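Structure record follows, encoded as structure tokens.
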Amino acid sequence: MRWLLLVPALLAGCFHWIEVDEPLKLLSQALCLGALAFLGRDRRALWLWAWVGHQWLAGIPLNQGAAPFLYLALLRPPARFVYRLLTLLGALIASHAVVSFLAFRLAGGFHGWRPEVKDPWLQALVWPYYCGHYPRGAHAIGFFLNDNLLGLWCVAMLCLSLEVPGRLRLLCVPPLLLAVGWSYSRSAYLALAGACGSLAIRKNRYLLLVPTLIPLLFLPFATGLDRWRFSSDWTSTLGGRAERLHQFLAQGSFWGGGPVGLVDSQWLKTGLEQGWSGLLIQLGFCFSVVRRARPGVQAALLALLLGGVGCDLWDSPHLAATFMLLCACSFQDNPASLGGTSDNQMASVPVDAGGY
């Protein structure tokens, strides 16, 4: 019945986007902390309790960031099933995003320009660009309604496809790669390069060729704005990240200064809000899982962490939940990765002595 523990995380994700009364948010927060307490009865949860405790001490509400999803890392899901489900779901979402993007651009859509669309079927198809959440851009966004988040998630699913059967992989890779290319997201491109570098070391060096396909996808629909954003003048395209980095390095404290709002860089945001100590706790947990994960899962987790350089990773419920669920699957693949007992060690424990 552990699947019922997904309900608090689902509520927390919904309440992130929907305005609800404070009592409902508190209820969701209490359910998530209760699930963490129920599952966190061994040292695998020490990182997570340190994460929650430090966030609370920094004055950041526990219904924000990754806190509502941390306990997902302690579940015991069927790893192979999760890999297949996420990869297939990623391909479906990417396919919709690609078709919607092509329809919008071919109908005359552009940055800051939304042409009138009369056909009902076309209205339904290009709905993401007209719903009000993405009023000016012209990149692939799909149901994520955000080009950075869609591109980064698709990179993670692209890496995860290496852990599924070959036929399913061939079906899922093309739409995922197209969605990454047409998201025009620098975070996604950085994540893809880093993930492919990791896979080249652990799996096949020819995977380094995958990022070279991005320019071929970039050029057909790139606008002058896109070319400017990817020009050599990077200081003009970083938004407020350069200023935030300078602020963190100049004023960053060990404990942090509390909530700062949107930063567009998870690691800068964590550093500003929770200081060096909070940053080390979060990165410590992440890399304790990443270092022993299977190649495809490791690349997916690494991609999300690299994407956090250019987006608020934990404030995106779908990305935070995906990361924690992959952490749980990684532990299932390798029980020793978070201080648990490996299969060989378990086999050597006599049943009469309490072995399981």
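The values are calculated or read from the model by the stated rules, or taken from the named source; none is laboratory data. For clarity, every value in this text was computed on a predicted model and none was experimentally measured. Neighbour counts run over all protein chains shown; Cβ positions are idealised from the backbone, glycine included. Ligands, DNA and RNA are stripped out before the accessible areas are found, and what is left, the full protein with its side chains, is counted by its heavy atoms. Shrake-Rupley method; radii C 1.70, N 1.55, O 1.52, S 1.80 Å.
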Quiz prompt | Residue in segment 51-110 that is most open to solvent (accessible area, probe 1.4 Å), counting only those that are part of a helix (DSSP H, G or I) and among the polar types (S, T, N, Q) | solution = 95
Quiz item: Within segment 247-269, can you find the residues that are small (Gly, Ala, Ser) and closer than 18 Å to residue 283 by Cβ?
Solution: 252, 253, 256, 265
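Any idea which residue in segment 1-16 is nearest to the chain's Cα centre (by Cα), counting only those that are assigned to a helix (DSSP H, G or I) and more than 18 Å from residue 323 (Cβ to Cβ)?
14
Restricted to segment 198-211, and to residues that are in a helix (DSSP H, G or I) and open to solvent by 80 Å² or more (accessible area, probe 1.4 Å), which residue is modelled with the lowest pLDDT?
Within segment 198-211, the match that is modelled with the lowest pLDDT is 202.
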Exercise. Have a look at 164, 180 and point out the one that is buried (at least 16 other Cβ atoms within 10 Å of the Cβ) and at pLDDT below 95.
Key: 164
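For segment 114-136, how many residues meet the condition of being touching a residue at least 24 places away in the same chain (Cβ under 8 Å) and surrounded by fewer than 16 Cβ atoms within 10 Å (Cβ to Cβ)?
2
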Practice problem: Kindly indicate the residue of segment 255-299 that is farther than 21 Å from residue 316 by Cα and charged (D, E, K, R) and also surrounded by the most Cβ atoms within 10 Å (Cβ to Cβ) among those meeting that condition. | Solution: 294
